[in-house]
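> Questions regarding the structure given below will be posed in turn.
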Amino acid sequence: MTTTQSKKGLGAVATRGAAVTFSGQIIRITVQLAGIVLLARLLSPVDYGVTTMVIAIIGVGEILRDFGLSSAAIQAKTLSAGQRGNLFWINVGIGAALTLVVAVLAVPIANFYDDDRLIAITLVLSSTFLFNGIATQYRADLNRRFRFGRLAGLEIFAQVVALGVALVLALWGWGYWALVAQQVLQALLQVLVLPFIGGWWPGLPKRGEQMKPLLTFGGGLVGAQVLNYASRNVDSLVIGRMFGAQSLGFYNRAFQLMLLPLNQINAPSTRVALPTLSRLGEQPARYAEFIAFGQTIMLNLVSFVLALSVAQAPAVIAISLGPQWGPSVPIFQILAVAGFFQAAAYSTYWVFLSQGLTTPYLWYTLATRPLVIGLIIVGSLWGVNGVAIAYAVGAALMWPVGCLWIARYSTAPVMRLFLNGLRILVVYGFAAAASFAATFAIPEEQTLVRILLGLAALVAALGLAALVFPPFRRDVMGMLSARRFFRRSAAADAPRAETLDDPETPLEER
């Protein structure tokens, strides 16, 4: 590593990676939102419902296909070219096997929902396991080397092309096949491009590589991920089985609209946080500062969007999906509340992975996720809204339990993380109430007026909170001075930079 590179330090790399990643996410959010708005006006709730029926079941295969090996590669202190190549072939093998298994299950899946359309949908979607298996270690390697710009560029390219094809097919009247094609094409495009931007080819599997720590990490993680997936998707399975494709379509669009800010903020946050925190594991003070600061930024961004969503749900649904999606409004409001608790709990996930606590994470999941699944099944007795409420209650319970769990096994600043989340919940709850009250008397059909006035009231309430509530004021000032925070981190890194992997140096040269 050169002297110039050493001076960059981990803080500088992290802030540059965060800037690139979030810039890319702004574009991705715009594209995804455009897709939601346009496709919702071209397709019916049934089109979304039949596609979701299949994805809710076969999606668990994506976790098995990854087997936790992408996270294992990212968090590893060192990773040789041989280890990386072996991980590649393991993921490809699992992906190919799952493609065959899911294809065989096409008829049973259709029989479960009593809908023969699902046979062809399942057969086509099964190909994504192989495509994603090929892509897994390329994506992990780009994350590990902090090549966020290349990865973001590819994701945007694939997303735009796949959306364009889906829109054309929807206009031609292909219905749910437009959504299926979008899923498959997005995965295929990434597979075709990743080897070129990654700059490496896997070669043949190699003996003698130290694979056990990586496989142990991944094996400990995959069980927890399967349970997490089941608890987060049993709602779709129950609704599709009990209430049919149309009800599932209304629920799915509300759920995906709620997930939009979560996925587009949480995912890039984790992309930057995990490799950074993994390298700070032996510096507890800096680890605590980084994770608390990262959580504050992420939660404020997510909470701002979700607070406006809860307060102005009828206008948000009417503008984003169209007036025909009115039944999604109460579902969306309930799920938006659940979204906050999911975002608050994400910092515990960072701790589990960055500190290699996969076994405690598995036990935590085994202790909590069956409860969430049970709540959702019981909630289905009260219809689709009952399922949404049960999902929100489960998310609310998972957050404090997760904090208590990591307190037993890690050195993370648990109380600080919990109080951060609690403070932000109270502030944005107040702001959401102010936004709702400001537009209460305005007719629902004046959607643009409600959105603009509700947004103004939300911002005003947050400004008032910053004035009268010093802890929140410190949050705001800290976010405004984020660049200085990372600059301080960069300076602190300079004397120790030689102990870190250089993110600009290919793995083979380290």
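> Filter the range 189-220 down to the residues that are closer than 19 Å to A135 by Cα and among the hydrophobic types (A, V, I, L, M, F, W, C) and list them by number.
L189, V191, L192, V193, L194, F196, I197, W200, W201, L204, L214, L215
> From (1) over 26 Å from F332 (Cβ atoms); (2) part of a helix (DSSP H, G or I); (3) at pLDDT below 90, pick out the condition that doesn't hold for A230.
The number of the failed condition is (1).
> Right, something else. Give the residue that is surrounded by the fewest Cβ atoms within 10 Å (Cβ to Cβ), with candidates limited to residues of the range 290-323 that are over 23 Å from L458 (Cβ atoms) and without any contact (Cβ under 8 Å) to a residue 60 or more places away in the chain.
Residue satisfying both the conditions and the ranking: P323.
> Considering only the range 84-101, state which residues are buried (at least 21 other Cβ atoms within 10 Å of the Cβ) and modelled with pLDDT under 80.
Across the range 84-101, the qualifying residue is only R84.
> Right, something else. Can you say whether F304 is under 15 Å from L455 (Cβ atoms), within 23 Å of the chain's Cα centre (by Cα), at pLDDT 90 or above and aromatic (F, W, Y), as far as the supplied structure shows?
yes
> Give, as residue ranges, the helices (runs of 4 or more DSSP H) completely inside the range 91-200 that count at least 3 residues that are of a type in the set (S, T, Y) and touching a residue at least 24 places away in the same chain (Cβ under 8 Å).
127-144
> Considering A135, A181, A120, which residue is at negative phi, outside the structural domain of A245 (by TED's automatic domain parsing) and buried (at least 20 other Cβ atoms within 10 Å of the Cβ)?
Of the residues listed, the single one that is at negative phi, outside the structural domain of A245 (by TED's automatic domain parsing) and buried (at least 20 other Cβ atoms within 10 Å of the Cβ) is A135.
> OK, next. If V37 satisfies every condition in (1) crowded, with 17+ Cβ neighbours inside 10 Å; (2) modelled with pLDDT of 80 or more but one, which is the exception?
Result: V37 passes all but (1).
> Take the range 238-258 and flag every residue that is surrounded by fewer than 19 Cβ atoms within 10 Å (Cβ to Cβ) and hydrophobic (A, V, I, L, M, F, W, C).
Selection gives M242, F243.
> Which residue out of G149, G153, G164 is surrounded by fewer than 17 Cβ atoms within 10 Å (Cβ to Cβ) and either over 30 Å from L118 (Cα atoms) or not assigned by TED's automatic domain parsing to the domain that holds S70 (or both)?
None of the others qualify; the one that does is G153.
The values are calculated or read from the model by the stated rules, or taken from the named source; none is laboratory data. Please read these numbers as outputs of a predicted model, since none were measured by experiment. Counting neighbours? That spans all protein chains shown, and the Cβs are built from the backbone with ideal geometry, glycine included.
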